[in-house]
Structure formats: structure tokens, C-alpha cells
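Everything below concerns the one structure shown next.
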Amino acid sequence: MEKALNEERFKDIEENYKNIMFNISEAAIKSGRRPEDVRLMGVTKTVESIYINHALSLGIDLIGENRVQEFLGKRDELNLGGVEKHLIGHLQTNKVKQIVGEVDMIDSVDSLKIAKEIGKVSCNKGIVTDILIEINIGDEDSKFGFDPSELTERVCEISEIDGIKVRGLMAIPPICDDNEKNHKFFSNMYRMFLDIGAKKLDNVNMDILSMGMSGDYRNAIEEGSTMVRVGSALFGKRVY
Ligand SMILES: *Cc1c(COP(=O)(O)O)cnc(C)c1O
């Protein structure tokens, strides 16, 4: 019985993966971009290891986890050879020691304080940690991230911290049914991405713009996203 359920979900994941790759290509081409310039991240939070491994076997080479504990708890069961791992959820200062060096990138740097802590721990471990700066693009109280108005100043400050390297920006726009508004959040992000990149700050490589999730990754790609973070459209609806 269990086996039959697994098989069914494996097939769903295969089908979903094919559809997502097709949609990514289509959205890229529609906006005059190359499909290979957009990377798909499989968001694996709450997903059991057998399903994650199935997705990895299909060719997914980048995963994102939200929680330090969850990631550390299940990674030994994952076939992570050649797979890039990112932390994409809000990080608490007291968890920094556990995660630095265990993932390839921390995408959710949302305060100067956390950036400094990541830098400090990285220096102690003798490594440099790649990070993305999270922007609260919709100015929502419920969301983490820097205010767009303070972005340039903060990126300058963060770029001076030893032990980290800024690789780009990340954002989660407000949930909204209005397609045009959704596009607008993404195009605003793209403009900031270009503006900061043009400043050519030391220690800053603006090469990743992570935006777009299951419901809006096509819009995000049309507005310049280079990395889409897809969870439920790939693995199915999260049950908890
Ligand atoms: C959960 C999550 C996602 C994926 O969300 P879906 O809507 O399931 O695709 C993407 N980014 C972050 C930061 C998340 O927490």
C-alpha cells in the first residue's frame, strides 16, 4: 500500500518537474531571455527525503530549506552529490554557528546583525559564506527583509563585513491576485538589482536575483528573475 502511494507521488513529481521546466523556458523566451539563465530551486521544506531524492534523480541540482534544524536532520538521507544547498528561511542569531559551512548560500540575510554574525562565524571557520540580501519588497509587517529605501546603504555596510560575499537579492512579494501588481513588485526588484550591480561595490557580485515561487514564477522570470524557488508546484501541497 505504502509502495503504491510512493509510486503515485513519484509520477506526480515527474510530471510537475516537466511542466515547470517547460514553463520556465516559455517565460524566459517570451521575455527575450535564455532558459538556461534561470535556475530552478526545489524548495524541500516539510517534504520527506524519499520524495526529495526522487526530484534530485530527475535533475534538480539546487534545493532550498527554511529551517536549520529540519535541514540538518534530514540531509544525511539525501543524495546531495553535486547538489547546491541554500538556506532560504529567516535565520536566528543562535543558529548561525550550526548552518555556516553546511550550506552553499544563505539567501535570507534580513538584518545587519545577522550578516555580521554570519561573517564572524565564517571567519572563525576559515571560510567565506555567499549570501543574498532579502528585501521586503511589499513593505509588509509580517515579512522579514530590508526596506527598499535603505537597500543601497545596507548593501554597502554588509559588503564591508569579512567572511561573507554578497551574491544578489531575494524577495517574496505580497500575496495578491492582481497579476499586474505582482509584475510590478518583480520589476521593482529587478531595477534595484541592476542599480546596485551598477555600483560595482567591492565584495559584491550582483549575479543572482531570487524571486518567484509556485504561484508566480513565470511573472518573476518575465521581469528578470535568475532563480525561482518552487515548492508546492513541484512536490505537491504541503500538509503541515
Ligand atoms: C516555502 C517557500 C518557497 C516555496 O513556496 P511555494 O509557494 O510552495 O512554491 C519559496 N521561498 C521561500 C522563502 C519559502 O519559504
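Worth pointing out:
- Only residues that are away from the ligand (no atom under 16 Å from the Cβ), under 16 Å from Arg67 (Cα atoms) and among the small types (Gly, Ala, Ser) were counted across region 100-140, and they come to 1.
- None of His54, His86 is closer than 27 Å to Glu153 by Cα and either out of contact with any Phe, Trp or Tyr (no Cβ under 9 Å at 6 or more places or on another chain) or part of a helix (DSSP H, G or I) (or both) except His86.
- Single match in Ala55, Ala28 (criterion: small (Gly, Ala, Ser) and either within 16 Å of the ligand (Cβ to nearest atom) or under 17 Å from the mean Cα position of the chain (by Cα) (or both)): Ala55
Per-residue answers, yes or no, for (1) in contact with a strand residue (DSSP E or B) (Cβ under 7 Å, 6 or more places away or on another chain); (2) of a type outside the set (Lys, Arg); (3) farther than 19 Å from Ile13 by Cβ:
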site: Ile24; (1), (2), (3): yes, yes, no
site: Arg34; (1), (2), (3): no, no, yes
site: Thr46; (1), (2), (3): no, yes, no
site: Leu62; (1), (2), (3): yes, yes, no
site: Gly73; (1), (2), (3): no, yes, yes
site: Glu77; (1), (2), (3): no, yes, no
site: Ile88; (1), (2), (3): yes, yes, yes
site: Glu102; (1), (2), (3): no, yes, yes
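- Of everything in region 161-178 that is exposed (fewer than 14 other Cβ atoms within 10 Å of the Cβ) and either more than 16 Å from the ligand (Cβ to nearest atom) or under 19 Å from Val38 (Cα atoms) (or both), the residue that is modelled with the lowest pLDDT is Asp178.
- Restricting attention to region 119-148, the residues that are among the β-branched types (Val, Ile, Thr), more than 22 Å from Tyr190 (Cα to Cα) and either buried (at least 17 other Cβ atoms within 10 Å of the Cβ) or in contact (Cβ under 8 Å) with a residue 60 or more places away in the chain (or both) add up to 2.
- When the residues of region 215-237 are filtered to those that are closer than 14 Å to Pro35 by Cβ and in contact with an Asp or Glu (Cβ under 8 Å, 6 or more places away or on another chain), the one that is nearest to the ligand (Cβ to nearest atom) is Arg218.
- One residue stands out in region 195-214 among those that are under 15 Å from Ser31 (Cβ atoms) and either away from the ligand (no atom under 12 Å from the Cβ) or among the hydrophobic types (A, V, I, L, M, F, W, C) (or both): the one that is farthest from the chain's Cα centre (by Cα), namely Leu209.
- Any hit, region 41-51, residues being of a type in the set (Ser, Thr, Tyr), away from the ligand (no atom under 11 Å from the Cβ) and exposed (fewer than 15 other Cβ atoms within 10 Å of the Cβ): no
The values are calculated or read from the model by the stated rules, or taken from the named source; none is laboratory data. Only a predicted model underlies this, so the values are computations on that prediction, with no experimental measurement involved. Positions of Cβ are generated from backbone atoms using ideal geometry, with glycine treated the same way; all protein chains shown enter the neighbour counts.
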